[in-house]
Amino acid sequence: MSEKFGDRIMQARKEKGLSREELAKMIGTSGPIVGRYERGDMMPSVEIATKIADALEISVDYLLGKTSLIIDKDAIRRLEDISKLNEENKAFILNLIDMALRDMKAKNAYA
């Protein structure tokens, strides 16, 4: 798991245009330590993994390989808002999303 974890840190860091040193400064460690995380030589604590995810604006689940989705903060905020709705309103919103997805898939299939 550590190899995938390290690869995901490196990929997300590069996509953000950050050096190891810049990421290290954001999470309160050093560039060589970030390098060790990326190579899989060592695993960060849960606290540091959370700081890495926050700094890179990705989820800890993505870093751990539990999902292949990189969900941005706006998407997470929207999902949290939906989860707070009563069941009837939540079902309505989810049905709208399902309809939009179905329409986009059909449109792409016939394009």
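The values are calculated or read from the model by the stated rules, or taken from the named source; none is laboratory data. The model shown is predicted, which means the values in this text are computed figures rather than measured ones. No Cβ is skipped: glycine too gets one built from the backbone with ideal geometry, and neighbour counts run over all protein chains shown.
General remarks:
- Those residues of segment 71-111 which are acidic (Asp, Glu), modelled with pLDDT under 90 and surrounded by 10 or more Cβ atoms within 10 Å (Cβ to Cβ), in sequence order: ASP72
- Whichever residue in segment 55-111 is hydroxyl-bearing (Ser, Thr, Tyr) and touching a Lys or Arg at 6+ places or on another chain (Cβ under 9 Å) and, among such residues, is farthest from PRO44 (Cα to Cα): SER83
- Among the residues of segment 14-45, the ones that are assigned to a loop (DSSP other than H, G, I, E, B) and either in contact (Cβ under 8 Å) with a residue 12 or more places away in the chain or at negative phi (or both) come to 12 in all.
- Put simply, of GLU57, GLU47 the only residue that is assigned by TED's automatic domain parsing to the domain that holds ALA12 and closer than 19 Å to MET10 by Cβ is GLU57.
- Of the residues making up segment 25-55, those that are in contact with a Gly (Cβ under 9 Å, 6 or more places away or on another chain) and acidic (Asp, Glu) are GLU38, ASP41.
- The lone criterion from (1) in a loop (DSSP other than H, G, I, E, B); (2) more than 16 Å from the chain's Cα centre (by Cα); (3) polar (S, T, N, Q) left unmet by THR67 is number (2).
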